[in-house]
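What follows is a single structure, written as structure tokens, with notes after it.
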Amino acid sequence: AVTGAGQGITTASIWRITATVTGSAEPIASNWEEVDTYGFGILGTSITETSGVFTVPSLGYWCVQAFGLAEFSTAEAYAYIFLQETTNDSTWYTCSMNFCSAHTGGFDSVYITHIADVTSADHKFRLGVTQENASNTLLGSSTDNRTGIMFTRLGDT
């Protein structure tokens, strides 16, 4: 018999932006929703979000994954999608980022991931984008996941 086995993943949730972001945003502060379409699932207690700042419901090791779909409507350009965290509810640090680029009329996607040891309620996360051209966009939708963030609690700290 197996002894000392952990309880496994107890919390998992995906959030997405419901409206397209034009230009840069640090953080992406509005139009967030927890995914609620097409057989969605939320495991455990939901993550909370206020003005683009995400708070996890319990301490522990968390895998935070973000994804984005960028559209480049003007000349060839780039975008940086970045995940930031604070451990003191004050100072923000970029903990993971990725870059994408395309020609005019093109699309590109990014994926970033981070594992955090959340040891206090002051440990929070947010997602941002820096666009080379202010008219380029990071796509949002209220029916499918184009740009968003996923939280999975891996275990105790």
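The values are calculated or read from the model by the stated rules, or taken from the named source; none is laboratory data. On a predicted model such as this, the values are computed, not experimentally measured, just so you know. Here Cβ is always computed from backbone atoms with ideal geometry, including for glycine, and neighbour counts include all displayed protein chains. These accessible areas exclude ligands, DNA and RNA; they are computed on the full protein's heavy atoms, side chains included. Shrake-Rupley method; radii C 1.70, N 1.55, O 1.52, S 1.80 Å.
Estimated at 0.36 nm per residue, the fully extended path between Cys63 and His103 surpasses their Cα-Cα distance by 11.2 nm. Remark: the Leu43-Ser142 segment gains 33.6 nm on full extension, using 0.36 nm per residue and subtracting the alpha carbon distance.
Averaging 1/r across all pairs of distinct Cα atoms in the chain and inverting the result yields a Kirkwood radius of 16.2 Å. Atom-type composition of the exposed protein surface of the range 13-148 places 50 percent of the accessible area on carbon and sulfur (1.4 angstrom probe).
Using only side-chain charges placed at the Cβ, +1 for Lys and Arg and -1 for Asp and Glu, the dipole size of the range 37-157 relative to its Cα centre rounds to 160 debye.
Relative contact order for the range 1-123: what is it in percent, counting Cα pairs under 8 Å that are at least 6 residues apart?
Values: 205 pairs, mean separation 27.9, N = 123.
Computed over the range 1-123, the figure is 23 percent.
Between Asn88 and Asp156, the FRET efficiency from the beta-carbon distance, with R0 = 25 Å, is close to 0.70. Legend: calculated FRET efficiency, Thr74 to Ala19, from the Cβ-Cβ distance at R0 = 22 Å, rounded to 0.05, equals 0.65.
Modelled this way, with points 7 Å down the Cα-to-C-beta line, the labels at Gln7 and Glu26 are 3.9 nm from one another.
Any idea of the accessible area per residue across the chain, 1.4 Å probe, to the nearest Å²?
48 Å²
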